[in-house]
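To start, the structure under review is shown below, and the notes come after it.
The values are calculated or read from the model by the stated rules, or taken from the named source; none is laboratory data. Computed from a prediction, not measured in an experiment: that's the story for all the values here. Reconstructed Cβ throughout: ideal geometry from the backbone, glycine too, with neighbour counts over all protein chains shown. Ligands, DNA and RNA are excluded from the accessible area calculation, which covers all protein heavy atoms including side chains. Shrake-Rupley method; radii C 1.70, N 1.55, O 1.52, S 1.80 Å.
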Amino acid sequence: MSARRRCERGILRLLFAAMTRWGIVLVRGAWASWALLTRVEGGALTDREAPSLAERLAHARAILSEVPLIDGHNDLVMNIRTVLENQLEDFPFDKNLTEVEPWASRSNCHTDIPRLRAGQVGAQFWSAYVPCRSQYKNALTQTLEQIDVIHRLVDKFPEDLQLVTSSEGILNAHAHGKIGCMVGVEGGHSMDSSLGTLRTFYRQGVRYMTLTHMCNTPWADNSAAEPEHLEFDGLTAWGETVVKEMNRLGMLVDISHVASQTMNDVLDITRAPVIFSHSDTRALCNITRNIPDDVLVRLMELPLQRTENGAISTNLISDSLTDPHFGFCRRVHENGGIAMVNFLPDFLSCSSTATLQDVVAHINHIRDIAGPDHVGLGSDYEGITTVPEGLEDVSKYPYIFAELLLDPKWTDEDLKKLAGMNLIRVFQEVERLASLSTNLFRFIYPFLPLHWVSYTASP
């Protein structure tokens, strides 16, 4: 047997051992060794010059032509309220707004149709955000007005925009060359602690709700309250009801902005994958607004296996996964959700400045902890007044992919997942579970005691 063949077999044995004993961290190391081996020719490493930026951009654009690039959070609609008082008649969204006043003078003018097209954006979650000071006052009215603006914006520019309320709709819009427009409500204070309002949001096209903004709701703690000002140590029983109703509806549960305790409480009780629509990692910037690693790892898909005593566990976490109330196995450590990286320098580098490379570092950290199936992009454009160097507006997304193409661990398939296929997978699973829930409820409803069927509208 040749030395090369013995080396190959040795690396395969290492790979197998890593998979069975140590999990994904050593697996990645083994794959790196394998990649190194495949570059060996005649006992010497082959030196290949890295592709130029132009070549990598062309490659990135080819990838983004095949799958929709989906951004998880954009605050344009808030700026329309601030600047135009929601009047769209003279809003030239089809023009480059950096050349049109008063937009050109604003530090957070990041978005218009020409730049969305240049950045190959396939779908965008537009944030229906209202400030925390509206809580207990007119938050609901303002939120409905913001949702209305999104609908009217799509109606005003039908050649470029298409309202989307499903995962299939995202793919359909992309196939027809349009930008899919989705509605996300940023802050549970908008629903005024009413399940009826939550259901109304869903009927109006809302497909995610962020459980808090920078203020506690009456049922959940936000990240700014951590650690000294927590009211509930996470999620209340009513908050659990909100999450379960979102699961039943098929509305994505967004846990950006919430406290770490709230993140974990949601992951304990949700039946569907969650999203972080615009968050970064606490390991790289240690602030409570970012995601800690012990939460990121809970997004990861971990294979179940039986231990010697017959208990069900994962290869990394030995906790029992048996639900004592139902007597069957549930994968409490496997959520399958996605963390979408925010571009605000304060969250990326814990300073007022950042670069495209800082964004890439957070993307890679999420990948390292949770895997390539659990990372996406949630820029927070229009809601931030400073941006990373190299990512000045929505036209710059391809540069992220061009930068990642320098890293051999990022395959084209991985980049497609980052662009949007991860979010579509999560969306599809949320829809599937909602459909199952609806069909099951229809079957058992006639047999339920009346007091089990709750139409409670307040905590």
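When Arg28, Arg48, Arg9 are screened for being assigned to a helix (DSSP H, G or I), at pLDDT below 95, of a type outside the set (S, T, N, Q) and more than 31 Å from the chain's Cα centre (by Cα), only Arg9 passes.
One residue stands out among those in region 267-296 that are out of contact with any Leu (no Cβ under 6 Å at 6 or more places or on another chain) and among the β-branched types (Val, Ile, Thr): the one that is nearest to His73 (Cα to Cα), which is Val274.
Contact map, region 281-297: residues that are of a type in the set (A, V, I, L, M, F, W, C) paired with residues that are surrounded by fewer than 17 Cβ atoms within 10 Å (Cβ to Cβ), Cβ distance under 6 Å, separation 6+ or inter-chain. Pairs shown: Ala283/Asp293; Cys285/Cys350. Considering only region 159-194, state which residues are open to solvent by 40 Å² or more (accessible area, probe 1.4 Å), of a type in the set (Asp, Glu) and part of a loop (DSSP other than H, G, I, E, B). Once the filter is applied, which keeps residues that are open to solvent by 40 Å² or more (accessible area, probe 1.4 Å), of a type in the set (Asp, Glu) and part of a loop (DSSP other than H, G, I, E, B), region 159-194 yields Glu159, Asp192. Residues that are closer than 24 Å to Thr270 by Cα and outside any loop (DSSP other than H, G, I, E, B) within region 335-367 comprise Ile338, Ala339, Met340, Val341, Ile366, Arg367, listed in sequence order. The combined condition, being touching a helix residue (DSSP H, G or I) at 6+ places or on another chain (Cβ under 9 Å), of a type in the set (A, V, I, L, M, F, W, C), in a helix (DSSP H, G or I) and touching a residue at least 60 places away in the same chain (Cβ under 8 Å), is fulfilled by Leu116. Kindly establish whether Arg133 is of a type outside the set (Gly, Ala, Ser), open to solvent by 40 Å² or more (accessible area, probe 1.4 Å) and touching a residue at least 12 places away in the same chain (Cβ under 8 Å). No: the conditions fail for Arg133. Every test in (1) without any contact (Cβ under 8 Å) to a residue 12 or more places away in the chain; (2) crowded, with 18+ Cβ neighbours inside 10 Å is passed by Ala104 save one, and that test is (2).
For Gln124, the conditions (1) more than 25 Å from the chain's Cα centre (by Cα); (2) open to solvent by less than 20 Å² (accessible area, probe 1.4 Å) all hold with the exception of (1). For region 368-396, the set of residues classified as closer than 26 Å to Thr82 by Cα and in a helix (DSSP H, G or I) consists of Val394, Ser395, Lys396, listed by residue number.
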